[in-house]
Amino acid sequence: MGACNKGSLKYRLGVMNIAFGHTNMDLDCLGSLILIKKLYPDYRLVRSKLIHPAAQNLYTLYNGYFDFLNPKELEREHIKNIIIVDTCMADRVSEYFTYIRGSSPRIRIIDHHPPEHCDILGAQIEGGRMGANTSYLGKLAMQRGLRLAPEEATIALTGIYADTGRLIYENVCKGDFEVAAWLIDMGASLKLVRAFLETINEDSQIEVLNRLLRVQMTRNIQGHVILAAHLELEENVPGLAAVVEKIMELENPDAYFAMFSITKTKTVLLIARSRKPKIDLHHIMQEYGGGGHQAAASAKITGREGSVFYEEFFTRLEQILRPATRAADIMSRGVSVVQETMSLLEASRIMEQADVSGVPVLNDRQEVTGFISLRDIMKGRRTGSMELTVRAYMTRPVISAASTVTMREIERILFKHHVGQIPIVENQKLLGIVTRRDYLEYKKKQGI
Ligand SMILES: [Mn+2]
């Protein structure tokens, strides 16, 4: 391979430039590295000792395109320049630095994670806040007018899809789409990308998946729907996080905490996923010496008996978690209403003035007795009289909810009854209303 010879030439001259990603290279890491190779052909790529299970198949099939060095091969080299991709944390690249001695290389970091926590001293940091690190490098390659082989484009696109949840996570930006489109132009195969993204391939994973589905239970903690499971495994199974994610997709809880007691190593592995910003997993896992992101984190606990720790953990969770958002938190107050005894004409004027398509109906004791919409009023009009009372045309019983119901319940009511507004009622008295728009605004802020 051409690039390989070039590398050996540099090697003889005793000057080496290298690039690598974080330990346990994942798909975004590989996507970034394949583009580094195009952008900086005088850099040799170095592989991590372990490959992330999600990236294993792609790595096995496309190994040759990277022409990786082993970290150990750096031992006798004089390293001049280093590019680090997809991390700015020293402990995630320490496996390489143990072999880099006797040279003081210039370090450049290209990373899409927030740079606040960078602890690699003297490094120069760059990288956009893009959904995938591969996208940032793709942008550079586009600007330079580089061309990729279809295989390289497939590797890069897999990286982007993996880190952006197929271009739908909150951190995704326009640039991710632009680079993805460019990669399609370069011949990336969506069929292959899809195959590489399939993270459940092993029988051992499927076995764990089935066992988890059997033992897991839903717990209501501070109004959040929390899925919880504890499983004993003889030894660690690669790709457990992918199994947890698959179940997350299937069951759609607010958060999932899967605990594995590994008998062989006497450790407890806690893997968690969350859909709500209010359930900040990084924060929770830090208490147990672990970490990650708000939405995905894990911790390894040693010296604890699994089932005892399991119960203790959920007691602690009850204390840490902030209560789930409820109807009272998002409802509109000061809602327009009509009286049962009003005529349809009067009601339609009130609705027109308030610019709403429906209003709660009250009786003379100011209790909510029904709901009337413009549609109901049209029905009245068709029968000929706008002088008939609201009571004759309103919908009852009214579909309402208590102020304490969670957003999940609100969601269920909206979709089950196909209503646009839910009066929030206590002791038959109207407190407010939750509209479709309130719900959508909440979802937008939540990042769904
Ligand atoms: Mn990444």
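Figures for the structure shown
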quantity	calculated
Residue satisfying all of: in the range 16-68; within 16 Å of the ligand (Cβ to nearest atom) and assigned to a loop (DSSP other than H, G, I, E, B); surrounded by the most Cβ atoms within 10 Å (Cβ to Cβ) among these	21
Qualifying residue in the range 365-377 (condition: part of a loop (DSSP other than H, G, I, E, B) and exposed (fewer than 13 other Cβ atoms within 10 Å of the Cβ))	yes
Selection within the range 222-236 - closer than 13 Å to residue 212 by Cα and either free of Cβ contacts under 8 Å to residues at least 40 places away in the same chain or of a type in the set (S, T, N, Q) (or both)	227, 229, 231, 233
First in the range 379-394 and open to solvent by less than 50 Å² (accessible area, probe 1.4 Å), second anywhere and among the aromatic types (Phe, Trp, Tyr) and modelled with pLDDT of 90 or more, Cβ under 6 Å, 6 or more apart	380/393
The range 411-448: number of residues that are β-branched (Val, Ile, Thr) and under 23 Å from the mean Cα position of the chain (by Cα)	1
Residues being in contact with a Pro (Cβ under 8 Å, 6 or more places away or on another chain) and of a type in the set (Ser, Thr, Tyr) - total across the range 338-375	0
Unique match (being open to solvent by 70 Å² or more (accessible area, probe 1.4 Å) and within 16 Å of the ligand (Cβ to nearest atom)) among 106, 92, 144, 101	92
Test result for residue 123, in contact with a strand residue (DSSP E or B) (Cβ under 7 Å, 6 or more places away or on another chain), touching a residue at least 12 places away in the same chain (Cβ under 8 Å), open to solvent by 10 Å² or more (accessible area, probe 1.4 Å) and away from the ligand (no atom under 16 Å from the Cβ)	yes
Residue check, residue 232 open to solvent by 70 Å² or more (accessible area, probe 1.4 Å) and away from the ligand (no atom under 16 Å from the Cβ)	yes
Count of the range 248-265 residues which are surrounded by 21 or more Cβ atoms within 10 Å (Cβ to Cβ) and not small (Gly, Ala, Ser)	6
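Residue by residue, here is whether (1) more than 14 Å from the ligand (Cβ to nearest atom); (2) in contact (Cβ under 8 Å) with a residue 24 or more places away in the chain; (3) surrounded by 16 or more Cβ atoms within 10 Å (Cβ to Cβ) holds:
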residue: 85; (1), (2), (3): no, yes, yes
residue: 131; (1), (2), (3): no, yes, yes
residue: 137; (1), (2), (3): no, yes, yes
residue: 148; (1), (2), (3): yes, yes, yes
residue: 154; (1), (2), (3): yes, yes, yes
residue: 160; (1), (2), (3): no, yes, yes
residue: 177; (1), (2), (3): yes, no, no
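For every residue, the table says whether it meets (1) among the hydrophobic types (A, V, I, L, M, F, W, C); (2) in contact (Cβ under 8 Å) with a residue 12 or more places away in the chain; (3) touching a helix residue (DSSP H, G or I) at 6+ places or on another chain (Cβ under 9 Å).
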residue	(1), (2), (3)
318	no, yes, no
321	yes, yes, yes
325	no, yes, yes
330	yes, yes, yes
337	yes, yes, yes
350	yes, yes, no
355	no, no, no
360	no, yes, no
364	no, yes, no
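The values are calculated or read from the model by the stated rules, or taken from the named source; none is laboratory data. Just so we're clear, the structure is a prediction, and the values are computed from it rather than from any experiment. Quick reminder, even Gly has a Cβ in these numbers, built from the backbone with ideal geometry, and neighbours come from all protein chains shown. With ligands, DNA and RNA removed, areas are computed over all heavy atoms of the protein, side chains included. Shrake-Rupley method; radii C 1.70, N 1.55, O 1.52, S 1.80 Å.
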